[in-house]
1. Take 303, 347 and sort them by solvent-accessible surface of the protein heavy atoms, 1.4 Å probe, largest at the top.
2. Between residue 330 and residue 6, what is the label-point separation in nm under the 7 Å Cα-to-beta-carbon projection?
3. Just the accessible area for residue 225, please: 1.4 Å probe, Å², rounded to the nearest 10?
4. Which entries in 164/355; 95/165; 51/249; 165/355; 204/241 show an alpha-carbon gap greater than 30 Å?
5. How much accessible area does residue 277 have with a 1.4 Å probe, in Å² rounded to the nearest 10?
6. From the Cα gyration tensor of the range 87-157, with a ≥ b ≥ c the square roots of its eigenvalues, which class applies: rounded if a/c is under 1.5, or else prolate if a/b is larger than b/c, or else oblate?
7. Roughly what % of DSSP beta bridges within the range 127-202 run antiparallel, to the nearest 5?
8. From the Cα gyration tensor of the range 44-141, with a ≥ b ≥ c the square roots of its eigenvalues, which class applies: rounded if a/c is under 1.5, or else prolate if a/b is larger than b/c, or else oblate?
Amino acid sequence: MDDFLRFRSHFPLLQQYTYLNTAAWGLLHDGILEWRQEHDLDYLVGGSQMKIGALSLLEDTREHLGRFFNCPAQRISLVPNFSLGMNLLLEGLAKDSRVLTLQGDYPSLTWPFQSRGFSIREVPCGEGLEHRILEALSESPAEVLAVSLVQWVDGVLISPDFLKKVKARFPDLIIVADATQYAGAFHLDMEQSGIDVLGASGYKWLLGGNGNGFMLFSEYAQNRFQVLSTGFNAVNADLSKRDDISFSKRFEPGHLDTLNFGSLNYALGLLEALGMDAVDRYNRELSSKVKQALSSRGLLPGYIAEGERHSTIFNIPEPGGRYAHLKTHDIICSPRGGGIRLSFHCYNTENDLDKLLEILKSAP
């Protein structure tokens, strides 16, 4: 617990506000701010010499992601954000592919399939979701299952353990997972997950700031997509390699920003210093306490209140004026899906929950 309290002290905003909005943006750690300032000062005085020398940061970040998620570095692509990575990926998917998605899932995951005219079937979210996914795949075969590991509106969690079972049952299925609301909050082992494509932006639970993201691939995925995007960066500025581009580099046609990916690299180190097993355990315990407290006040739907597991994202009703009331009392959260989304991370404490519950007593 002491480690997490010390970690909390590096986020100045938490001294003034109750921050329950990591699902929108993760906070900036003061160590990352210092690193970014030094990076840009070096650029100011060093120009191209500094930038060329700093390119090694990109490979450092790729290798760091590999260790963090247990995925070989050669199967990792660095992308500015998840949305761009998804759009590049789907240009390489066979046009007759049948796709299973979840109703109301994150638009940057589902819209790229829709805009390209794929045959799509949606599974309604809610009670018994995992059972209904299996049922849908059994009734109507699909080539692709595309899901967010954590649903962005209400925080419903689809565990990698479940997806591993799906993969074992349907080995030819391509499982595409958006981990933007999962990675950094919970431990994830790519090699053991059953996931074929895992993508995420780094500015939420990973605390890496904007402008960085990544795509992780299984060996199977590399054989199922024919991605054609290309550019000078994809060949590492070697003109002779135009026709010899690796699968992962197809997602890196242009130059990448060392400031942004260096920030992600630094943030990964911060979470590793805490220990992702410890972060996972802390967040799950906090989630359980939040769920119990909100459920006992009738603020959560039954399928979440009675569910076996959940993320650290919750959505409570907005009867009118409740969000404004929370904002007035320095609780930062987001209106989502007609309700109010509250999200907790490892820099939050039970005191933040107590403050929320106290303010809710006088809210509409």
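The values are calculated or read from the model by the stated rules, or taken from the named source; none is laboratory data. If you're wondering where the values come from, they're calculated on a predicted model, not measured in any experiment. Note that we place each Cβ from the backbone using ideal geometry, even for glycine, and neighbour counts take in every protein chain shown. The accessibility values were calculated without ligands, DNA or RNA, using every heavy atom of the protein model including side chains. Shrake-Rupley method; radii C 1.70, N 1.55, O 1.52, S 1.80 Å.
1. 303, 347
2. For residue 6 paired with residue 330, the spin-label model returns 2.6 nm.
3. Accessible area, nearest 10 Å²: 0 Å².
4. 164/355; 165/355; 204/241
5. 100
6. Values: a/c = 2.45, a/b = 1.30, b/c = 1.88.
The shape class here is oblate.
7. Looking only at bridges with both residues in the range 127-202, the antiparallel portion is about 10 percent.
8. Prolate is the answer for the range 44-141, as a/c is 1.5 or above and a/b outweighs b/c.
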